[in-house]
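Chemist: Sharing a structure below in structure tokens format, with a few things to ask.
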Amino acid sequence: MQRNKSGEKLLNEKNRLELSVTEPSNSKKILSLKGRAVLATTCLVLGIIVFIVAYIGMKQSVGVGSLNLPILTWMINHRADGITVSAKIITSIANPYFFASITAVVVFAWMGLRREIWRPVILACAVAVAAATSTLLKLHFMDSRPPQIDMIPTYEYDFSFPSGHTIGIAVFLLVVGYLIYSRNYSLQRFWAWIATAVIGTSLVALSRLYLGYHWLTDIIASVGLALIILAIIIAVDSVYLKRYKI
């Protein structure tokens, strides 16, 4: 009987240790399953609507699509040396290859410093899905970029719809914000998350428009796709949290 109790104690200790590696032991005010479901549904519906609006605009040059050329023209007419330097720096940071390195550093640092597995891994998966989605859709739609004469060198030659830079930064900021907010939620954290995602994504999106690499519809489509990916991540994370009763 004593051996059975000792065995159960060791098993409980092992399970507790495994959970401590995947989730922080001091998590507080975890977002409820209902709250995550509402958030995921909202992001999914909004993301689909935004992407469809961008797609129709790209295909038929109506709605937001009718603004593609006017926005590009406005950007060209308001270019200045200082803004150009800043835009190049911003767009270089969000370059998919360079940004993959930044994500890897964040993921491994998160694992090492916080002794977690789940949250950094799901972040890496989200960014990888964003890159794959952008690449596949570019090849599928084969929409042309703005004319090279309107671009600021260096030139970009691949397809335009959607913007890989924009979807990458949007997914990164949205997913990181969700993973932090959902484990210790508050109204202040929610608005900090939204503000950070909006500002960061806007800076990259505007840099792509300003440099003449993308149309407005490319940017809008990427935002819609990022929201859809976030909804999927929330759903997967909810299943995980329910499985381990966290």
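Chemist: Between residue 34 and residue 157, what is 0.36 nm times their sequence separation minus the Cα-Cα distance? Round to one decimal in nm.
Modeler: Numbers: separation 123, 0.36 × 123 = 44.28 nm, distance 4.49 nm.
Stretched out fully, the residue 34 to residue 157 stretch lengthens by 39.8 nm.
Chemist: For residue 243 and residue 186, what is the calculated FRET efficiency with R₀ set at 25 Å and r taken between the beta-carbons, to the nearest 0.05?
Modeler: 0.45
Chemist: Write down the radius of gyration of the chain and its Dmax, each obtained from C-alpha positions, in Å.
Modeler: Using the Cα atoms of the chain, the pair Rg, Dmax is 21.2, 83 Å.
Chemist: Can you tell me the order of 66-74, 123-131, 42-50 when each peptide is scored by its average per-residue count of other Cβ atoms within 10 angstrom, highest first?
Modeler: Going by the mean number of other Cβ atoms within 10 Å, highest first, we get 123-131, 42-50, 66-74.
Chemist: A further question on this structure: What does the highest-first list of 181-193, 77-89 look like by mean Cβ count within 10 Å?
Modeler: Final packing ranking: 181-193, 77-89.
Chemist: So, one more: Lysine pairs, Cα distance under 22 Å, 8 or more residues apart or cross-chain: how many in the chain?
Modeler: Lysine pairs satisfying the spacing and distance rule in the chain number 11.
Chemist: Follow-up question, since we're still on this one. If each DSSP helix of 4+ residues adds -39,500 (n - 2.57) and the sum is divided by the residues in the chain, what number results at 222 nm, nearest 500 deg cm²/dmol?
Modeler: -26000 deg cm²/dmol
Chemist: Ok, one more. Helix 33-60 sits at what angle to the longest principal axis of the chain, using alpha carbons and giving 0 to 90 degrees rounded to 10?
Modeler: The two axes meet at around 20 degrees.
Chemist: Quote to one decimal, in nm, the extra length available between residue 80 and residue 105 on full extension: 0.36 nm per residue of separation minus the C-alpha distance between them.
Modeler: Gain in length upon complete extension: 5.6 nm.
Values quoted throughout were computed directly from the atomic coordinates according to the rules given, and no laboratory measurement underlies them. Since we're looking at a predicted model, the values are computed, not measured. When we count neighbours, we look across all protein chains shown, and the Cβ atoms used for this are built from the backbone with ideal geometry, even at glycine.
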